[in-house]
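In what follows, a structure is listed as structure tokens, so that the remarks can point back to it.
The values are calculated or read from the model by the stated rules, or taken from the named source; none is laboratory data. Small disclaimer: the values here were computed from a predicted structure and weren't measured. Cβ coordinates were reconstructed from backbone atoms using ideal geometry, including for glycine residues, and neighbour counts include every protein chain displayed.
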Amino acid sequence: MQISDNGPGIPAKKHSLVLERFYRLDTARSTSGNGLGLSLVKAVMELHGATFKLEDNKPGLAVYMCFGCSIERAKE
């Protein structure tokens, strides 16, 4: 499964950081939020034994998720 948007995206080097609780990109600090969204996604995915990957959507962010399969299969 893929979920994507066409917003400003997240630089690839920050992908692991945005999965941490309360981490916010500098460009997001002027908007509301607490930096919990993607960390909650990560926790739920791990709880269910699922895998996921963040990628550039050019523009935006794409999140690939797979329950019981590999990420490569989720991209098909």
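Brief remarks follow.
- Within the stretch 17-45, the set of residues being touching a strand residue (DSSP E or B) at 6+ places or on another chain (Cβ under 9 Å) and either touching a residue at least 60 places away in the same chain (Cβ under 8 Å) or of a type outside the set (Val, Ile, Thr) (or both) comprises Leu19, Leu38, Lys42, Met45.
- The residues of the stretch 21-71 that are in contact with a Ser or Thr (Cβ under 6 Å, 6 or more places away or on another chain) and of a type in the set (Lys, Arg) amount to a single one, Arg21.
- Hits in the stretch 52-64 - residues which are surrounded by 13 or more Cβ atoms within 10 Å (Cβ to Cβ) and modelled with pLDDT of 90 or more: Lys53, Leu54, Glu55, Asp56, Asn57, Gly60, Leu61, Ala62, Val63, Tyr64
- Taken over the stretch 24-48, the residue count meeting the criterion of being at pLDDT 90 or above and either in a strand (DSSP E or B) or among the small types (Gly, Ala, Ser) (or both) is 2.
- Selection within the stretch 15-43: residues that are of a type outside the set (Gly, Ala, Ser) and under 14 Å from Val63 (Cα atoms). The member of this set that is surrounded by the fewest Cβ atoms within 10 Å (Cβ to Cβ) is Leu40.
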